[in-house]
Amino acid sequence: DFLLLLSFFVLHQQYHFINKSLTWYEAQSFCRLKYTDLATINDMDDENQLINTLGGNVTSSWIGLYDGQINRWLWSDGSGIASFTQWSPGEPNNAGGIESCGEMYDSLWNDAPCGFVMAYVCYESERGSFK
Ligand code: 2F8
Ligand code: CA
């Protein structure tokens, strides 16, 4: 006889909201140094978790979205954008031709100039556990 054990490995991710004004690249450096990277959002659970982390106290904050090439949006950690997106209606619009970084704006995504300074959200990948 043998016993078959089925187990699920659950990966946890934690968001950290930093209420200090930095450019997108400065925020990226900070997140990589202190945590894992700027925030990556892959589904509605992530989106809701991130919105909860913001706690409603700011309108604009950087997330890991950036335009690697024209209209080729990626996450700062190197992963591609999943089929799930939460762009604000009409975004990304590359207003003024200088918007290559992504922010959370009123709980939706907007492309904005990378040199703007605003608060930001990092993510921290934690050790997974077996369930
Ligand atoms: O109306 C959407 C539009 O609003 C602003 O431009 C007027 C934003 N600009 C900045 O955040 C700098 C645009 O990104 C946004 O598309
Ligand atoms: Ca925009």
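The values are calculated or read from the model by the stated rules, or taken from the named source; none is laboratory data. Since the model is a prediction, treat every value here as computed from it, not as a measurement. Cβ sites come from the backbone with ideal geometry, for glycine too, and all protein chains shown count toward neighbours. Side chains included, ligands, DNA and RNA excluded: accessible areas come from the protein's heavy atoms. Shrake-Rupley method; radii C 1.70, N 1.55, O 1.52, S 1.80 Å.
Take residue 125 and tell me if it is free of Cβ contacts under 8 Å to residues at least 40 places away in the same chain, open to solvent by 60 Å² or more (accessible area, probe 1.4 Å) and either more than 16 Å from ligand 1 (Cβ to nearest atom) or within 22 Å of residue 12 (Cβ to Cβ) (or both).
no
Looking only at segment 113-122, count every residue that is within 11 Å of ligand 1 (Cβ to nearest atom) and open to solvent by 50 Å² or more (accessible area, probe 1.4 Å) and tell me the total.
Number satisfying all stated conditions: 2.
Between residues in segment 78-102 that are under 16 Å from residue 24 (Cβ atoms) and β-branched (Val, Ile, Thr) and residues that are more than 11 Å from ligand 2 (Cβ to nearest atom) and in a loop (DSSP other than H, G, I, E, B), which pairs lie under 6 Å by C-beta distance while being six or more apart or on different chains?
Going by the 6 Å Cβ cut-off, there are no qualifying pairs.
Give the residue, chosen from 130, 84, that is away from ligand 2 (no atom under 15 Å from the Cβ), over 25 Å from residue 33 (Cα atoms), more than 12 Å from the chain's Cα centre (by Cα) and surrounded by 12 or more Cβ atoms within 10 Å (Cβ to Cβ).
84
With the condition being within 14 Å of ligand 1 (Cβ to nearest atom), of a type in the set (Val, Ile, Thr) and more than 27 Å from residue 130 (Cβ to Cβ), I'd like the strands (runs of 3 or more DSSP E) fully within segment 1-112 carrying at least 1 qualifying residues.
Fully inside segment 1-112 and qualifying: 60-69.
Go through segment 98-107 and count every residue that is within 11 Å of ligand 2 (Cβ to nearest atom) and surrounded by fewer than 19 Cβ atoms within 10 Å (Cβ to Cβ).
The number of residues fulfilling the criteria is 2.
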